[in-house]
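Written below as structure tokens is the structure these notes are about.
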């Protein structure tokens, strides 16, 4: 159990490519932090620097207050689960899990006890005598987790542990990681490119892009108050709709005018804009698909044409096109529509949508930052 | 009609197989004959010189007994010491070298690999004169030829890194990383994780490292410089084939040949499975 502190951490490769820029982060004891971002954003590199598998070009990494930059991975008090499991193919499951304990000369009866305890928690007791090649992907991943568990480490590192599993197994293992975390009660750093994993697992999420931290926050914070366009687009599925439009300040009352339709920005968002004394200006307006409602044509409604209707079971994903050719995605729960309304939803259907002020996000088109953060 | 074509194909196949087998049998006979001949001669006791027939008229172990009363014992021991020491040392050095080149990234790694590759393209014979000079200055020639030959064999062993490096490259790096996180040192990673996975290539390395010095002639003769105590079997036995010796030693020479072939044959038969796997595995994946 330990805190992890990264100060000005930088990774510059031999070919002068900078993979991670000035990474600052304070991870509290027993916190579950998720690094998320598209491939090549530096999330795995950062994790590997914490693990000691990658040299740190600049800055310091502290684990439990001790600078570990020059320590070997084995001396950092960490355990790690790899994306491709990295099980030792020539050893049985038992020997795989026992490997680290034997290296540190733990008596064989303690090894036996610990391996069996871990195996029981992970439900792999019956496979202990098998070689990894005789296991399925999910079982292998459990062994990899078991191997990390018995080390009783201060920090638990996981590098995309679920991305090699199929969708169903991934959901199941995700739930198990949540349970595991409760049992181990230690500090977790988890790397993934999957925002669902990030949202469901993390106490805090670190969203990265091109080696820079875009935002650090709780799942609610990054979802409700994305700091910039990248975060707004990355978190949430389907992704947030972006509309280039104008924010109008009329004597302290705010309006937006997407596609020539004037919509009031009232409530909290309007007050926040007023507090910041935001003047009339160009903005990128962000609205999440689930926050757009179907509306009757008329004042305050944006008329559009349905292009594609994706039936997801519990909801429809409607891809619509406005008069000026902008595409929007609208998420409508299936139960909100009656049979006649559902049957209308075919390509070419003329319809109208609207949304309220409280669900709007306002971004500066130049700096791409959120006007209210 | 289909069946007819099927039958036609079948008989064509059979015909081509027959031709191939006949050809292979002829080649194996040609290839095996000298070995059979030598084995038969080694059991001949009626004459010590070359005769005009193959099957001995009188069989016996006289030639083998004579081997052990001659200098052969010394030569055999010399060869065995050289081959064994070389095999052990070359294997260790070569595998460490290959692992280093496969896993570590350091300055001049690429140029070093290319440099060794190019050096390896020159025939070893080119270095003979200067190597002899060096060994002579160190006092490692003639009666001390054995340590001299071991030194020469081992000194350049790192250059034979290609095959095993190619094999190591196919083992995922994350295994090394997992083991290092688990608490293993680099050396423990090598012998607890990588070497067990690279068993075929380890055996290939041992075999080639053993067989090189076992059959060495040119350099061994040069370093021994006519001192019988420094001969290996190849050089020693060749001294029986000179014009004035051959009639006395011919059948003993054949018996020596059989004894020399024995350890290599046994080693090979035991490790054959891994050897084939090692050579092809490394080549394809590397």
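Legend: ranking of residues A:220, A:46 from fewest to most surrounding C-beta atoms inside 10 Å; resulting order A:220, A:46.
Please compute the alpha carbon radius of gyration of the stretch A:110-203, then divide it by the globular-protein estimate 2.2 N^0.38 Å. Two decimals is fine. If you can, show how the numbers build up before the last one.
On the way: Rg = 13.2 Å, N = 94, 2.2 N^0.38 = 12.4 Å.
Scaled against compact globular proteins, the figure is 1.07.
For the pair residue A:311 and residue A:342, label points projected 7 Å from Cα toward Cβ lie 0.7 nm apart.
When its C-alpha radius of gyration is set against 2.2 N^0.38 Å (N residues), the stretch A:86-131 gives a value of 1.07.
Contact order for the stretch A:62-182, expressed relative to its length and based on alpha carbon pairs under 8 Å spaced 6+ residues apart, stands at 38 percent.
Report the semi-axes of the equivalent ellipsoid for the stretch A:1-90 in whole Å, largest first, where each axis is √(5λ) for an eigenvalue λ of the Cα gyration tensor.
Here the semi-axes work out to 19, 18, 14 Å.
When the inverse distances between all different Cα atoms of the stretch B:51-176 are averaged and flipped, the Kirkwood radius reads 18.3 angstrom.
Could you work out, residue by residue across A:53-60, how many beta carbons of other chains sit within 10 Å of that residue's beta carbon, and then give the average as an integer? The partial results should precede the final answer.
Numbers: counts 7, 1, 0, 0, 0, 0, 0, 0.
Per-residue shielding by partner chains comes out at 1.
Going by how many other Cβ atoms sit within 10 Å of their own, how do B:69, B:251, B:141 line up, fewest first?
Details: B:69 9, B:251 25, B:141 21.
Final ranking by Cβ density, sparse to dense: B:69, B:141, B:251.
When each of the peptides A:38-44, A:346-352, A:225-231 is scored by the mean number of other C-beta atoms lying within 10 Å of its residues, the order from highest to lowest reads A:225-231, A:38-44, A:346-352.
At a Förster radius of 35 Å, what calculated FRET efficiency corresponds to the Cβ-Cβ distance of residue B:21 and residue A:164, to the nearest 0.05? Kindly include the intermediate steps, with their values, before the conclusion.
Working: r = 48 Å, r/R0 = 1.37.
Calculated value: 0.15.
Potential lengthening of the chain between residue B:59 and residue B:126 amounts to 19.6 nm, from the contour at 0.36 nm per residue minus the alpha-carbon distance. Under the definition of Cα pairs under 8 Å and six or more residues apart, what whole-number percent is the relative contact order of the stretch B:72-285? Result for the stretch B:72-285 is 36 percent. In chain B, helices alone account for a calculated mean residue ellipticity at 222 nm of -23500 deg cm²/dmol, with every DSSP H run of four or more residues adding -39,500 (n - 2.57).
What the Cα atoms of the protein assembly as shown give is an Rg and a Dmax of 37.7, 128 Å.
Label separation (residue A:280 vs residue B:245): 11.3 nm, computed from points 7 Å beyond Cα along the C-beta direction. Across chain A, C-alpha contacts under 8 Å between residues 6 or more apart give a mean separation that, scaled by the residue count, equals a relative contact order of 15 percent.
Peptide B:182-189 has a mean shielding of 5, counted as Cβ atoms of other protein chains within 10 Å of each residue's Cβ.
Using the 10 angstrom Cβ neighbour count as an exposure proxy, how do B:130, A:12, A:243, B:150 rank, fewest first? Before the final figure, lay out the partial values.
Values: B:130 9, A:12 14, A:243 18, B:150 21.
Ordered by Cβ neighbours within 10 Å, fewest first: B:130, A:12, A:243, B:150.
For the pair residue A:237 and residue A:126, the difference between a 0.36 nm per residue extended length and the Cα-Cα distance amounts to 36.1 nm. Max-minus-min Cα coordinates of the stretch B:208-250 on each principal axis give 35, 19, 15 Å, with the largest extent listed first.
For peptide B:171-177, the mean count of partner chain Cβ atoms within 10 Å of a residue's Cβ comes to 5.
Report, for the protein assembly as shown, the % of DSSP beta bridges that are antiparallel, rounded to 5.
Just about 75 percent of them are antiparallel.
Across the stretch A:241-363, Cα-Cα pairs more than 20 Å apart make up 43 percent of the total.
In summary, the convex hull built on the alpha carbon positions of the stretch A:4-234 has an orientation-averaged projected area of 12.8 nm². The calculated pair-distance distribution of chain B uses every alpha carbon pair, bins of 10 angstrom beginning at 0, and gives 6, 20, 24, 22, 16, 9, 3, 0, 0 percent. Measuring from centroid to centroid over Cα atoms, what is the spacing of the stretch A:287-307 and the stretch B:125-184 in Å? Their Cα centres are 75 Å away from one another.
FYI, it's all coordinate maths here, none of it is from the lab. As the structure is a prediction and not an experimental result, all values here were calculated from the model. So basically every Cβ, Gly included, is an ideal-geometry build from the backbone, and we count neighbours across all protein chains shown.
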